[in-house]
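Please read the structure below before turning to the comments.
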Amino acid sequence: MAETKTISGTVTKVTQKEGQFSGLKIEGREAYFNPSKAEYRKEPFEIPQEGDRIEMQVTPWKDAFFIQSMKIMGVAQPPAVYENGQVPAGGRDLSIVRQVCVKAAAEIVSSRAATYADTVGLGIDVLALAQEFEQWILREENPYAE
């Protein structure tokens with residue numbers, strides 16, 4: 001019987017086949033890790049999610065690795081939770097909000113571009129409208145909250 005190895009790392013991919021866990025990939029490793037049959041496992045294990053840090057015992061066999069046991073050492077960071085529709089200030093989320101606002105403002109202003117004699121005025125209006133959109137999105141109160 002092949003020797004069991006300890007592998008640890010961050011899960012980059014979790015796959016399912018017909019609704020059942022069928023394997024995973026670990027960051028920085030080429031190998032794909034498959035679950036062993038239940039009767040060969042040392043113990044039942046929780047299925048990780050992408051981004052989780054895990055440690056597992058695997059048995060190599062031919063060109064594959066079979067998971068004997070697995071522990072989740074750290075869970076993936078959950079996505080930002082928005083309370084009352086609020087986007088947290090700063091970071092990537094704010095950058096995305098600003099990009100969307102500029103795009104929407106540019107589309108609105110450019111539809112009226114024929115009325116502009118110069119492009120500087122067009123750009124100023126795009127930025128002013130984008131800023132209004134951003135302030136509305138990031139406002140403190142939510143007029144739709146019950």
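The residue that is modelled with the highest pLDDT, among those in segment 78-93 that are in a helix (DSSP H, G or I) and closer than 25 Å to Asp52 by Cα, is Asp93. Would you check if Thr115 is surrounded by fewer than 13 Cβ atoms within 10 Å (Cβ to Cβ), over 19 Å from the mean Cα position of the chain (by Cα) and either assigned by TED's automatic domain parsing to the domain that holds Gln131 or at pLDDT below 90 (or both)? When the stated conditions are applied, Thr115 passes them. Under the condition of being surrounded by fewer than 17 Cβ atoms within 10 Å (Cβ to Cβ) and out of contact with any Phe, Trp or Tyr (no Cβ under 9 Å at 6 or more places or on another chain), the residues counted in segment 42-61 number 9. Scan segment 27-51 for residues that are of a type outside the set (D, E, K, R), free of Cβ contacts under 8 Å to residues at least 24 places away in the same chain and either assigned to a strand (DSSP E or B) or farther than 13 Å from Ser69 by Cβ (or both) and the total you get is 1.
The values are calculated or read from the model by the stated rules, or taken from the named source; none is laboratory data. These numbers were taken from a predicted model, which means no experiment stands behind them. Cβ atoms come from the backbone with ideal geometry, glycine included; neighbour counts cover every protein chain shown.
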